[in-house]
Amino acid sequence: MKKVTEIKRKKLLGIVTKLSSTNTIKIETESKSTHPKYKKVITSNKGYLVHCMDKEVKVGDHVMVEEGKPISRTICFYFVKKI
């Protein structure tokens, strides 16, 4: 009997910043880290293009996305749910 292993996929929380096309949205995620020497909290933002078939998503919504099979060169995340 073969062992079936589940693939660990990245899950990100972000805010919708743009409705790019009919099935694509752009989200922005925020990550915080502490500087090793000065102990200042540094925030950095990164944008991702997400494949989304849900028509009820609007700019400003908080969403959860999951990594998956790449659709194109830039789109490799899928919409999971609206938070």
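Of all residues in region 24-57, those that are more than 16 Å from Ile75 (Cα to Cα) and not in a loop (DSSP other than H, G, I, E, B) total 10.
Would you confirm whether or not region 26-44 contains a residue that is touching a Leu at 6+ places or on another chain (Cβ under 7 Å), closer than 20 Å to Glu67 by Cβ, hydroxyl-bearing (Ser, Thr, Tyr) and touching a residue at least 40 places away in the same chain (Cβ under 8 Å)? So that I can check it myself, show each step before the final result.
Of all residues in region 26-44, those touching a Leu at 6+ places or on another chain (Cβ under 7 Å) come to 26, 29.
With closer than 20 Å to Glu67 by Cβ added as a condition, the list becomes 26, 29.
Pick out the ones that are also hydroxyl-bearing (Ser, Thr, Tyr) and you get 29.
Now narrow it down to the ones that are touching a residue at least 40 places away in the same chain (Cβ under 8 Å): none.
Looking for residues that are touching a Leu at 6+ places or on another chain (Cβ under 7 Å), closer than 20 Å to Glu67 by Cβ, hydroxyl-bearing (Ser, Thr, Tyr) and touching a residue at least 40 places away in the same chain (Cβ under 8 Å), one finds none in region 26-44, hence no.
If you go through region 25-66 and keep only what is hydroxyl-bearing (Ser, Thr, Tyr) and in contact with a Gly (Cβ under 8 Å, 6 or more places away or on another chain), you end up with Thr29, Tyr48.
From the set of residues in region 1-11 that are under 17 Å from Cys76 (Cβ atoms) and either at pLDDT 95 or above or among the basic types (Lys, Arg) (or both), which is farthest from the chain's Cα centre (by Cα)?
So the first thing to find is which residues in region 1-11 are under 17 Å from Cys76 (Cβ atoms), and the list is 7-11.
If we keep only those that are either at pLDDT 95 or above or among the basic types (Lys, Arg) (or both) too, we end up with 8-11.
On the way: Lys8: 15, Arg9: 11, Lys10: 8, Lys11: 7 Å.
Among those residues, the one meeting the criterion is Lys8.
Screening Tyr38 on (1) among the aromatic types (Phe, Trp, Tyr); (2) surrounded by 10 or more Cβ atoms within 10 Å (Cβ to Cβ); (3) over 14 Å from the mean Cα position of the chain (by Cα) shows it passes everything except condition (2).
In region 1-23, which residues are surrounded by 10 or more Cβ atoms within 10 Å (Cβ to Cβ) and either of a type in the set (Phe, Trp, Tyr) or part of a loop (DSSP other than H, G, I, E, B) (or both)?
First, pick out the residues of region 1-23 that are surrounded by 10 or more Cβ atoms within 10 Å (Cβ to Cβ): 9-20, 23.
If the condition is that a residue be surrounded by 10 or more Cβ atoms within 10 Å (Cβ to Cβ) and either of a type in the set (Phe, Trp, Tyr) or part of a loop (DSSP other than H, G, I, E, B) (or both), then Arg9, Lys10, Ser20, Asn23 are the ones that fit.
When region 41-83 is limited to residues that are surrounded by 11 or more Cβ atoms within 10 Å (Cβ to Cβ) and among the small types (Gly, Ala, Ser), the one that is farthest from the chain's Cα centre (by Cα) turns out to be Gly68.
The values are calculated or read from the model by the stated rules, or taken from the named source; none is laboratory data. Just so you know, these numbers come straight off a predicted model, no measurement behind them. Every residue, glycine as well, gets a Cβ built from its backbone with ideal geometry; the counts of neighbours run over all protein chains shown.
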